[in-house]
Amino acid sequence: MDQGGAALLGLPASRLEVGDPADFVLLAPGSLPEAVVDRPVPAMVVRAGRPIACDGRLV
């Protein structure tokens with residue numbers, strides 16, 4: 001879910017629509033502070049709708 005990340009980075013707001021590129025990182029921390037402080041290895045990294053890394057390994 002987008003929580004204003006574009007504004008935080010000084011980028012224009014965007015809408016998520018079918019057909020838009022999908023770039024995101026999935027984390028599986030035990031809590032929000034753990035995600036920020038411990039910086040866990042991403043469970044998955046997706047670029048342009050395609051997985052490029054899983055559990056810290058390139059695919």
- request: Would you check if Asp38 is over 14 Å from the mean Cα position of the chain (by Cα) and open to solvent by less than 90 Å² (accessible area, probe 1.4 Å)?
  value: no
task: Provide a single number: the residues in the range 1-35 that are under 13 Å from the mean Cα position of the chain (by Cα) and touching a residue at least 12 places away in the same chain (Cβ under 8 Å).
output: 9
- prompt: Listed residues Gly10, Gly19; which is open to solvent by less than 70 Å² (accessible area, probe 1.4 Å) and not hydroxyl-bearing (Ser, Thr, Tyr)?
  reply: Gly10
- prompt: Among the residues of the range 9-49, which ones are within 17 Å of Val59 (Cα to Cα) and either among the charged types (D, E, K, R) or not in a loop (DSSP other than H, G, I, E, B) (or both)?
  reply: Asp23, Phe24, Val25, Leu26, Met44, Val45, Val46, Arg47
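The values are calculated or read from the model by the stated rules, or taken from the named source; none is laboratory data. Everything quoted here is computed from the prediction, not taken from an experiment. When we count neighbours, we look across all protein chains shown, and the Cβ atoms used for this are built from the backbone with ideal geometry, even at glycine. In case anyone asks, the SASA skips ligands and DNA or RNA and just uses the protein heavy atoms, side chains included. Shrake-Rupley method; radii C 1.70, N 1.55, O 1.52, S 1.80 Å.
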